[in-house]
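Here is the structure we will look at, set down as C-alpha cells.
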Amino acid sequence: MEIVEFAFPGPLRDALVASILRGDKTSTSALAVHYEGEELPKVGERLSVLDSAERGVAVIEVTDVKLVPVSEVDVEHAIAEGEDYKTVAGWRAEHEKFWNSPEVREELGDPDFAVTDDSIVVAWQFRLVESKS
C-alpha cells in the first residue's frame, strides 16, 4: 500500500493526523509542483497515513481529485480540511505561509518559490477506512 504524509513531521503533522483520526479532516491540498515526476492520487486508491514517528496509523481512500488554481479553491474544500477554516481567505493565508516556507522551498530546490493565484493545487478528498491507533 502506498503511503501518504501530511506536512513535515512535527506538531502540524500530528494535528493533521489527529484530525483525520477524528473524522474531521476529509480533504487536503498540495501544490501540483510537489507531484512532478509522481502520479497524482487516484479515486479509489487506499493510502497508509504516517504519523510523525513514521508509523502507519490509518488507512484512507481517495474519493475525489481536482486540479485547480489557488484562486479557485472553494470554501467547502477549505472547511473539509478539518483545520477550523471558516473562509477561503483563512485557508489560503495558512497554506501560503506553509508553501512559501523555507522548508518547502528547500524541498522544491527553489529558494525563490512563491505561490501565486495561478499556482495549481491538487485538491483531493478522502474518507477514513481504518484507524490503527
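The values are calculated or read from the model by the stated rules, or taken from the named source; none is laboratory data. Model, not experiment: these values are computed from the prediction. FYI the Cβ positions are ideal-geometry reconstructions off the backbone, even for glycines, and counts take in every protein chain you see.
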(request) Determine if the range 24-32 includes at least one residue that is more than 21 Å from Lys132 (Cα to Cα) and part of a helix (DSSP H, G or I). (result) yes
(request) Would you confirm whether any residue within the range 59-73 is in a loop (DSSP other than H, G, I, E, B), closer than 11 Å to Ala123 by Cα and under 12 Å from the mean Cα position of the chain (by Cα)? (result) no
(message) Given the criterion outside any strand (DSSP E or B), in contact with a strand residue (DSSP E or B) (Cβ under 9 Å, 6 or more places away or on another chain) and either under 17 Å from Ser19 (Cβ atoms) or aliphatic (A, V, I, L, M) (or both), identify the matching residue among Glu76, Glu83.
(response) Glu76
(request) Quick one: in the range 90-133, of everything that is touching a helix residue (DSSP H, G or I) at 6+ places or on another chain (Cβ under 9 Å) and among the small types (Gly, Ala, Ser), which residue is surrounded by the most Cβ atoms within 10 Å (Cβ to Cβ)? (result) Ala123
(request) Would you tally the residues in the range 86-113 being in contact (Cβ under 8 Å) with a residue 12 or more places away in the chain, out of contact with any Lys or Arg (no Cβ under 9 Å at 6 or more places or on another chain) and not in a helix (DSSP H, G or I)? (result) 2
(request) For Glu107, work out the one condition from (1) over 15 Å from the mean Cα position of the chain (by Cα); (2) at pLDDT 95 or above; (3) of a type in the set (Asp, Glu); (4) within 16 Å of Ala7 (Cβ to Cβ) it doesn't fulfil. (result) (2)
(message) Looking only at the range 94-120, count every residue that is among the aliphatic types (A, V, I, L, M) and within 18 Å of Phe8 (Cα to Cα) and tell me the total.
(response) 2
